[in-house]
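**Student:** Have a look at this one.
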Amino acid sequence: MKFSRLFYDSRVSFTKISINWIIISVVIGLLSALTIYNFFYVIRESFRVMTFGFANLPYVLTEEDRNSYNLFFAGLSVVFANSITINMLLSRPSGILYWRNPIRRRILNDQVFLNFNFSYWFTKMGLCFFIFSMCCLDFDFSPYVGVLSSLLLLVLYLDSWKGLSRIFRKNRFKFQIIHFTVLILLTFGLSKINTIDYQSIDDTAIKSSPIYQLPYSNFYHEFHSAYHREVVLTLELEDDNELLILYQGKRAVVNDIPDIIAAERASLREEMVPFLHVRIIADKALNIEYIKQVEKILYTIAQLYVVYDVYNDDLLTHRFERRGIKFKITPTIIELQSNIDIQTPPLPEWWYFDRSKNLMSIIKVDIGSVIKVNGIITPKEILVEEFKKYILKNILFEYSYEKNTSYQDYINVLSSQYKAAFELRKQNQTIFKEHSYNDREAYLEEQNKLKQQFPIRIIETFD
């Protein structure tokens with residue numbers, strides 16, 4: 001007995017703990033879990049809102065991803081709260097373990113360092129991924145959250161039991177399974193709590209930066225010119241099939257387009273006006289007729305170039321880089337019948353001259369759910385090779401649209417023709433840009449010859 005008093009008593013006595021102190025410790029642990037979970041939830045939503053201004057698209061989570069993140073944060077909160085509860089139970093001199101017992105000190109130290117060390121590491125990693133996701137890359141955590149987060153939570157839980165296993169010598173696995181089951185139930189229950197009305201945040205984000213199902217394209221232009229200027233027009237179809245134009249967060253109608261372009265031109269220096277382009281954003285299922293109605297108005301005010309916004313399938317850049325196909329509006333657009341009340345100019349003289357003299361062979365391309373080239377059904381997978389057979393300086397392509405032709409159908413054909421022409425030019429190129437610093441004039445001259453040899457000439461007919 002004197003020996004035990006001089007050193008320590010190694011016995012474990014659970015009967016000496018106060019029931020009131022157990023209840024107080026458990027209640028504080030539950031409140032701690034709720035507080036920590038709410039903190040994680042608010043931080044996540046705050047970071048998500050902060051990323052809205054850095055990307056072309058709002059960062060809106062799917063329900064599946066949101067539930068996964070909630071479950072992970074709830075698991076962390078419960079593990080941390082478990083450590084807090086254990087600290088409270090053993091830190092008070094309740095008689096469970098003698099105060100000089102090194103096992104008691106080891107358990108308390110393990111629980112304290114578990115929380116602080118992991119919180120320090122997790123904060124550094126979280127800030128690192130957050131900053132990179134804002135400025136440099138778009139990292140998709142979804143495929144990794146399930147497995148990695150589960151393993152991480154399991155390791156944290158087992159680490160919290162590292163010292164407890166020394167005092168639960170009898171029926172240790174029984175107590176551990178019961179304890180683990182309780183924590184699992186608390187984790188799932190806590191993950192169902194939504195601290196913030198995230199639906200309102202998503203609605204606001206989508207309203208300011210709507211998400212559209214952009215058409216997919218196998219070709220896109222790169223815009224590096226310092227003189228490149230764009231007016232972004234977003235096309236939406238209302239319930240009454242009326243076309244709505246969204247411009248800088250404001251709603252407009254088709255007849256307002258001339259005023260929009262005039263205001264943009266007035267804000268530019270005179271020498272910059274010819275470099276102005278109109279970027280069209282529209283859903284891939286939109287009927288091509290609505291796109292061409294907008295182009296008709298643009299042509300009447302001498303705005304000849306548009307950029308079709310297309311889907312960017314590159315994970316690293318699709319939230320920060322807009323891809324598009326630059327297209328020069330064809331003069332035949334004025335033959336489109338529409339209800340637009342605007343004066344249209346006549347076709348240019350060169351158009352009548354070429355047709356009357358029949359200087360060019362015309363390749364007809366029927367665009368719809370089925371694509372036909374010269375009356376032959378052509379799958380979109382071989383369109384590029386098919387166009388390569390016909391792209392010559394004396395060939396004119398006539399796009400004929402069916403009544404229900406979608407925007408995606410149109411982009412399938414247009415992007416294939418552009419890709420075919422650019423591949424032919426590249427195959428016949430002898431002077432490359434990276435080798436042309438001392439002979440830039442020769443490079444530009446060759447590029448002009450290649451454009452004349454493999455031109456992109458398109459006319460359009462409308463049913």
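**Student:** Based on the Cβ-Cβ distance from ILE362 to ALA285, what FRET efficiency comes out when R0 is 30 Å, to the nearest 0.05?
**Tutor:** The computed FRET efficiency comes out at 0.50.
**Student:** Here is a follow-up. What does the charge add up to near TYR299, with Lys and Arg as +1, Asp and Glu as -1, over the other residues with Cβ less than 12 Å from its Cβ?
**Tutor:** Local charge sum for TYR299: 0.
**Student:** While we're looking at this one, here's another question. Under a plain spin-label model, where a point goes 7 Å from the Cα along Cα-to-Cβ, how far apart in nm are LEU158 and GLU64?
**Tutor:** Taking the simple label geometry, LEU158 and GLU64 are separated by 2.9 nm.
**Student:** Gain in length, THR430 to ASN194, computed as 0.36 nm per residue apart minus the alpha-carbon separation, to one decimal in nm?
**Tutor:** The span from THR430 to ASN194 would gain 78.8 nm if fully extended.
**Student:** Which value in nm describes the separation of the simple spin-label points at VAL147 and HIS179, placed 7 Å from the Cα toward the beta carbon?
**Tutor:** The two pseudo-label positions are separated by 2.9 nm.
**Student:** So which GluC sites (Glu not before Pro) in region 241-309 end up in coil per DSSP with only 11 or fewer other C-beta atoms within 10 Å?
**Tutor:** Here the GluC sites (Glu not before Pro) that fit, given the DSSP loop and packing criteria, are GLU242.
**Student:** Once the cut-off is 24 Å, how many percent of the Cα-Cα pairs in region 217-329 end up in the long-distance tail?
**Tutor:** In whole percent, the long-distance tail amounts to 25.
**Student:** Hey, got a sec? Which chymotrypsin sites (Phe, Trp or Tyr not before Pro) in region 386-463 land in a DSSP loop and have at most 10 other Cβ atoms within 10 Å?
**Tutor:** Answer in residue order: PHE432, TYR437.
**Student:** For region 355-462, what is one quarter of the convex hull surface built on the Cα atoms, given in nm²?
**Tutor:** Directional mean of the projected Cα hull area for region 355-462 stands at 8.1 nm².
**Student:** Ordering ILE334, ILE367 from largest to smallest accessible area (1.4 angstrom probe), what's the sequence?
**Tutor:** Descending order: ILE334, ILE367.
The values are calculated or read from the model by the stated rules, or taken from the named source; none is laboratory data. It should be emphasised that the depicted structure is a prediction, and the values quoted were computed from it without experimental measurement. Heads up, the Cβs are rebuilt from the backbone with ideal geometry, glycines too, and the neighbour counts pull from every protein chain shown. For accessibility, only protein heavy atoms count, side chains too; no ligands or nucleic acids. Shrake-Rupley method; radii C 1.70, N 1.55, O 1.52, S 1.80 Å.
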